[in-house]
Amino acid sequence: MEQELYTENIQKEIIKQLKTANTSIFVAVAWLTDDAIFNLLCQQSKKGIKVELLLINDSNNNKTKINYKKLDESGGEVHFVNPKEDGAIMHHKFCIIDDSVVINGSYNWTKNAHHNDENITITWGANKLAKEFKKKFEEIKLRVIEENLRLCKKAILRLKLIKIFWELEENEEISKQVNIIKNAIKNIETITVRKSPLIKFPVIKSIISIIKKLEIGQYKEAIELIDNDTIDQAMNTIRSAILSARLSGGDWRELAKDKDLLATTRPSTAKKERIIIED
């Protein structure tokens, strides 16, 4: 194992290491607004290198000119981490390359960081250290996926409310529910379970189609598409996705504790959805 501390030309050193990647790059940083680094991550992803990125969901990342979807389109993954209930944010600054090289330190991957007094430590041949950082990365990623899936589940249930408000002729309440749903599913395009984007599931496509009609005020057309079978199928797809996310993350203990998740997932449906996820 070899280790080196850097306090100058940090951006150049990070770029140099990212270029050496052959199989994978996992990055967990609070902020990434450095175009050069982000574009390189996209380039590496296009080459077939597995690239995954964890960022905090805040105004700095939301207002940057960087189009994070570009990494998704290049074959990589970007996950935005919300603050915890106590307000604590994901403030890590580490990168794992090929499961053997670890970059860690005070340096934020931003444009402003170029001018700060910062440091990073690069460790080569650090398989054990890389494994520990990877474990933390997967733990955060699983939390993000589950949070987004549970928000989607609640959004789907709200379609039933919308149908009731339609029968009561309370269009103002429908509008309120639509706004809540839009906010709940805003990250649905980023949800990938076992390499299968959630939005490619037929029943989820149907749900999104209904929501889009509601967004443009086509209430009658949307209401006609809302039925219990569609909602039940969508709910079971979400539950199966949560199960698959936990299983792929090795989260067996938490899975065993969640009696509600196990009990409410019909075996036949869950089996069918797992097959779709694994394809």
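The values are calculated or read from the model by the stated rules, or taken from the named source; none is laboratory data. This structure is a prediction, so every number in the text was calculated from the model and none was measured. Quick reminder, even Gly has a Cβ in these numbers, built from the backbone with ideal geometry, and neighbours come from all protein chains shown.
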Answer yes if at least one residue in region 132-145 is assigned to a loop (DSSP other than H, G, I, E, B) and over 15 Å from the mean Cα position of the chain (by Cα), and no otherwise.
-> no
Taking the options 151, 225, name whichever one is over 30 Å from residue 51 (Cβ atoms) and among the aliphatic types (A, V, I, L, M).
-> 225
Count of residues meeting criterion [closer than 30 Å to residue 70 by Cβ and part of a helix (DSSP H, G or I)] in region 190-246 | 27
Search result, residues across region 26-36 that are surrounded by fewer than 20 Cβ atoms within 10 Å (Cβ to Cβ) and either within 17 Å of the chain's Cα centre (by Cα) or aliphatic (A, V, I, L, M) (or both) = 30, 31, 36
Subset of region 84-108 that is in a loop (DSSP other than H, G, I, E, B) and of a type in the set (D, E, K, R) - its residue that is nearest to the chain's Cα centre (by Cα) | 84
Per the filter on region 47-67, residues farther than 19 Å from residue 91 by Cα and in a loop (DSSP other than H, G, I, E, B) are 47, 48, 49, 65, 66, 67
Can you pull out the residues in region 109-119 that are over 18 Å from residue 4 (Cα atoms) and either among the aromatic types (Phe, Trp, Tyr) or in a loop (DSSP other than H, G, I, E, B) (or both)?
-> 109, 110, 111, 116
How many of the residues in region 157-199 are under 27 Å from residue 56 (Cα atoms) and of a type in the set (Asp, Glu)?
-> 1
Residue check, residue 134 surrounded by 15 or more Cβ atoms within 10 Å (Cβ to Cβ), of a type in the set (Lys, Arg) and not assigned by TED's automatic domain parsing to the domain that holds residue 180 = yes
Options 73, 52, 8, 13: the member that is in the same structural domain as residue 120 (by TED's automatic domain parsing) and crowded, with 18+ Cβ neighbours inside 10 Å | 52
List the number of the failed condition for residue 67; all other conditions in (1) without any contact (Cβ under 8 Å) to a residue 60 or more places away in the chain; (2) surrounded by 19 or more Cβ atoms within 10 Å (Cβ to Cβ) hold.
-> (2)
Condition check for residue 160: out of contact with any Phe, Trp or Tyr (no Cβ under 6 Å at 6 or more places or on another chain), in contact (Cβ under 8 Å) with a residue 60 or more places away in the chain, outside any strand (DSSP E or B) and of a type outside the set (Ser, Thr, Tyr) | yes
In region 109-131, how many residues are under 24 Å from the mean Cα position of the chain (by Cα) and of a type in the set (S, T, N, Q)?
-> 1
Take residue 148 and decide whether it is part of a helix (DSSP H, G or I), under 16 Å from the mean Cα position of the chain (by Cα) and loosely packed, with under 15 Cβ neighbours inside 10 Å.
-> no
Given (1) within 17 Å of residue 20 (Cα to Cα); (2) buried (at least 17 other Cβ atoms within 10 Å of the Cβ), where does residue 129 come up short, assuming only one miss?
-> (1)
